[in-house]
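Presented below is the structure to which this report refers.
Every number here is computed from the coordinates shown, using simple stated rules; none is lab data. Model, not experiment: these values are computed from the prediction. We place every Cβ from the backbone using ideal geometry, glycine too, and count neighbours over all the protein chains shown.
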Protein chains: 2
Amino acid sequence: MNEVTNENPKLTEREQSILHHVVYNYIQTAVPVGSRYISKHLEKNLSPASIRNVMADLEETGFLSHPHTSAGRIPTDLGYRFYIDYLMEMQQLGDDEKLRIQQQLHQTNDADEMLRETSKLLGKISHQLSIVTSPHLSSGIFEKIELIPIASSKLLVVISIRTGMVRTIILEVGAEVPRDHLDQVGRMINERLAGLTLKEIRDTFVDRVRDVQNEKTGLIRLFVDSVDQLFTDSKEREKVIIGGTKNIVDQPEFVDPKNFRSVIELIENEDIIVHLLERHDESQRNYVVTVGTENKEETTKEYSFVTATYDVGGVTGRVGIIGPTRMNYGKVIPLVDYVARAIAKMLSS
Amino acid sequence: MNEVTNENPKLTEREQSILHHVVYNYIQTAVPVGSRYISKHLEKNLSPASIRNVMADLEETGFLSHPHTSAGRIPTDLGYRFYIDYLMEMQQLGDDEKLRIQQQLHQTNDADEMLRETSKLLGKISHQLSIVTSPHLSSGIFEKIELIPIASSKLLVVISIRTGMVRTIILEVGAEVPRDHLDQVGRMINERLAGLTLKEIRDTFVDRVRDVQNEKTGLIRLFVDSVDQLFTDSKEREKVIIGGTKNIVDQPEFVDPKNFRSVIELIENEDIIVHLLERHDESQRNYVVTVGTENKEETTKEYSFVTATYDVGGVTGRVGIIGPTRMNYGKVIPLVDYVARAIAKMLSS
DNA sequence: CAGAGCACTCATGCACAGCGAGTGCTTACC
DNA sequence: GGTAAGCACTCGCTGTGCATGAGTGCTCTG
């Protein structure tokens, strides 16, 4: 754990080594780490005083800080960032953990429940809060629509996505629409929307049916009005599964009830999380880590997010964990990454 | 608030009056109440010493206790029970609160979201944890079934309930089944199950289709095998919506992190709550209150539950709140009751 | 530039005292 | 016999003072 793994721009080797130790130890113990301690554990023998000099430099550069005069140093968000990018070694995932994850995934074949349970497990293994979003259907490709009358004024709309997912919505229709007319409208929609993604449909549906907009039963008009409801996964708005609250409160940061509040705030306010996940989604890389203030939100400025995308034929979702910035990134990142791949594999089979 | 509202068996009028004061004040302040305080506020002038005597009696009978020698008295579960049954006055619900509830209910027409938001509001108004269960379909009456092929090996089953609710399930069928055969099977099932509740169907489906069990495509066999999945509301198992965590942590009992843990335990372990709600369901009365140890569960022995049923044409669900035994029953009970009625009205329209 | 020495700063823990709320008990009164 | 007054006692809570120790910053020397 002491080698510097990657090349990097700004810091001398000694500075890096000491920063590494500070971050590593602080992550393990949650106690500010002092010069004496590092002096003892550093392979290269340096006196505490020398180390203090380096530390002071690192503090000036913005990688470290200390809570009060006579306390050890703790990493700043910038310090964590440097640690993650250049110093940290990924920890291999244990075989037993892999096994637990696989078992959990195969325990049920209800996708929703699978995600929920996996979320719980993720929380348990990482001792953090875990988040899982249901697959976004937006980028899924439309296969076909079916219209089934189920009561005089109710219409069941079934939309199939190419990967095999299905979405059903109930619409209120003004008056009863004859079966053959329904079939006819259905056929027409199927022809016009074939091969598009749901997102494309949302954006262009009005144009695509403009010529038939005034069709007699008002059905097309109803569809136009409900296009958001129909082609937006209702789950997208709210369905972020949060689990593992029990685990995160064991973290030493939560002896202070103030932090307690903030985590509950986070759990209740799913919007914040959804918002942040969207930003993660824009990234190209497979997994994304944001540290503390890097997520602009005030509420989350003391938390880090590690998320990864799972992709099932264009339909994607996210899994990840949330925890105090002082988190074991080296362990959590491979874990999240592994779970994401496992879910993708599971869902595509 | 000082009149004794109901007749009751065991206690003298003075004892009741004092018990009333102790419980009432403790609910308001969360501070053990002493004899001196009561002496000052009691309309009938009694010295602290006399009140202490009565209190000692009440303690012996099991209605009061005190945490340590030099502290005031706090009610036991039994004390709360007596208070609820005989002493308490119901508080009228404020017009503004009624308004907020009505507004919330009409904000969306998605039933699930409506319940979720109402739960949040209930938590906010009561400053407690709120629980809402989705309607149990079990006692709903089957209206019709429809079978729609959506992919070569997938079948969408749509089950309508008389009150207008609809449940959709996707089944994997071994091989493709021709459309006309599907229709034929659908018609048959519709005939045989008409007018039954889902629960009855679950219990007797096998018998009702025994004669056609070996029909060529294996469709009936598939239905028999999946009867639980088809006719049990998937939501029944898990769908209890818990909201208002943010509010309950403001309660003074949660300055102790130990209690914090227990409430999180409760939230994560929905099973416990579901289990308790089942017990509440058996009650005949419209609303049910259980205090502390009255719910046998170890985890909930410091919490009280107030729940009420909402009933939409035989399909029922529960709404309620959970909080420390020291809760404002006089306010919470009418609130829960009102919300239950409002939801029922909302859903049946 | 490394390291030793030293003064200084704080957080933490502990013991101790004082306060005040409240009780229980005894005794006196009507 | 119920009511009240007096008094000693208990116990939690708070504030203070003090010792401890970890850790720093700075300076000076090799």
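The phi torsions of the stretch B:94-106, fed into the Karplus equation with coefficients 6.51, -1.76 and 1.60 and a -60° offset, translate into couplings of x, 4, 5, 5, 4, 4, 4, 5, 4, 4, 4, 5, 8 Hz, rounded to whole numbers, with Gly and Pro shown as x.
A Förster radius of 45 Å, combined with the Cβ-Cβ distance separating residue A:50 from residue A:100, puts the computed FRET efficiency at roughly 0.50. Mind jotting down the distance between the C-alpha centroids of the stretch A:99-114 and the stretch B:72-131, whole Å? The distance from the Cα centre of the stretch B:72-131 to that of the stretch A:99-114 comes to 37 Å. Distance from the C-alpha centroid of the stretch B:245-286 to that of the stretch B:161-238: 37 Å, rounded to the whole angstrom. Sorting the Cα pairs of chain B by distance into bins of 20 Å, from 0 upward, gives 26, 44, 22, 8, 0 percent per bin. Between residue A:109 and residue A:213, the contour length at 0.36 nm per residue exceeds the Cα-Cα span by 33.3 nm.
Three principal axis extents describe the C-alpha atoms of the stretch B:13-87; from largest down they are 27, 27, 24 Å.
Taking B:171, B:105, B:137 in turn, the Gaussian network model of chain B (Cα-Cα springs below 10 Å) assigns the largest fluctuation to B:171.
In this structure the amide hydrogen of residue B:91, modeled in the peptide plane, comes within under 5 Å of the amide hydrogens of B:331, none closer than 5 places in sequence on its chain. Remind me, relative contact order of the stretch B:13-87 in percent, using alpha carbon pairs under 8 angstrom and six or more residues apart? Answer for the stretch B:13-87 is 36 percent. Put simply, the stretch A:142-232 fits an ellipsoid with semi-axes of 19, 15, 12 Å; these come from the alpha carbon gyration tensor as the roots of five times its eigenvalues, largest first. Each residue of the stretch B:270-281 was assigned a 3J(HN,Hα) from its phi angle through the Karplus expression (A = 6.51, B = -1.76, C = 1.60, θ = phi - 60°), giving 4, 3, 4, 5, 4, 4, 5, 5, 4, 5, 4, 4 Hz with x at Gly and Pro.
For the protein assembly as shown, count the residues as N, evaluate 2.2 N^0.38 Å, and divide the Cα radius of gyration by that value, please.
For the protein assembly as shown, the normalised Cα radius of gyration comes out at 1.15.
Amide H to amide H distances under 5 Å link residue B:197 with B:142, where only residues 5 or more positions off or on other chains count and H is placed in the peptide plane. Ordered by the count of other Cβ atoms within 10 Å of each Cβ, fewest first, B:61, B:309 give B:61, B:309.
A simple rule links phi to the HN-Hα coupling: the Karplus curve 6.51 cos²θ - 1.76 cosθ + 1.60 with θ = phi - 60°, which for the stretch B:28-35 gives 6, 10, 6, 10, x, 9, x, 5 Hz, with x for Gly and Pro. Counting every other Cβ atom within 10 Å of each residue's Cβ, A:90, B:188, A:55 order from fewest to most as A:90, B:188, A:55. Database remark: amide H of residue B:73 closer than 5 angstrom to the amide H of B:33, B:34 (H placed geometrically; neighbours at sequence offset of 5 or more, or on other chains; Pro and chain starts carry no H).
Using only side-chain charges placed at the Cβ, +1 for Lys and Arg and -1 for Asp and Glu, the dipole size of chain A relative to its Cα centre rounds to 460 debye.
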